[in-house]
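Notes for the one structure printed next.
Taken together, the values in this text are just the output of simple stated rules run on the coordinates, not laboratory data. Keep in mind that what you see is a predicted model, and the values were worked out from it rather than measured. With ideal geometry, Cβ positions are generated from the backbone for all residues, glycine too; neighbour counts draw on all protein chains shown.
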Amino acid sequence: MSKNKNQILWYAKDNKIISCDETNKVLNENYEELKTLMQNIYDDAILIGCDEEDFKKKIKILVNDLHFSLGKK
C-alpha cells in the first residue's frame, strides 16, 4: 500500500492498522469531505458573529454524541 503524506492511518477495533487500499481510500475521501464541510461551516459561523470557542465546543459535543446507526430502527 503506497502512502500519500496526506493520508491518515486508520485503525480497526483490534487496534491494527487497516491495510485495505480501497477501505483507506474511502475513509480518507470521507475525511477530506468532512474537513472541507466543517471548515466552510466554521468560517460561516465566525463571519456571522459566533464565538470561535463556543462553536468548537458544540462541534465536540456533536462528535461525542455520534453512535453507530446502520441496521437500527
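Please compute the net charge surrounding Cys50, taking Lys and Arg as +1 and Asp and Glu as -1 over other residues with Cβ under 15 Å from its Cβ.
Here the count lands on -2.
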Taking Cα atoms, the helix 52-64 axis meets the longest principal axis of the chain at an angle in degrees (rounded to 10) of 40 degrees
Once Lys and Arg are counted +1 and Asp and Glu -1 for all other residues with Cβ under 15 Å from that of Ile59, the total becomes -2
Hey, of [x] 4, 17, 21, 17, 13, 10, 8, 6, 4, 2, 0; [y] 3, 12, 16, 18, 18, 15, 12, 6, 1; [z] 3, 13, 25, 25, 17, 10, 5, 2, 1, which did the structure itself give for P(r) over Cα pairs in 5 Å bins from 0, in percent when calculated?
-> [y]
Between the modelled labels at Asp44 and Leu27 (7 Å from Cα along Cα→Cβ) the distance in nm is 2.9 nm
Could you work out the helix-only [θ] at 222 nm for the chain, with each DSSP H run of four or more residues adding -39,500 (n - 2.57) and the total divided by the number of residues, to the nearest 500 deg cm²/dmol?
-> -19000 deg cm²/dmol
Please tell me which of these pairs span more than 22 angstrom C-alpha to C-alpha: Lys13/Lys57; Lys25/Lys60; Lys16/Lys56; Lys25/Lys58; Lys35/Lys60?
-> Lys13/Lys57; Lys25/Lys60; Lys16/Lys56; Lys25/Lys58
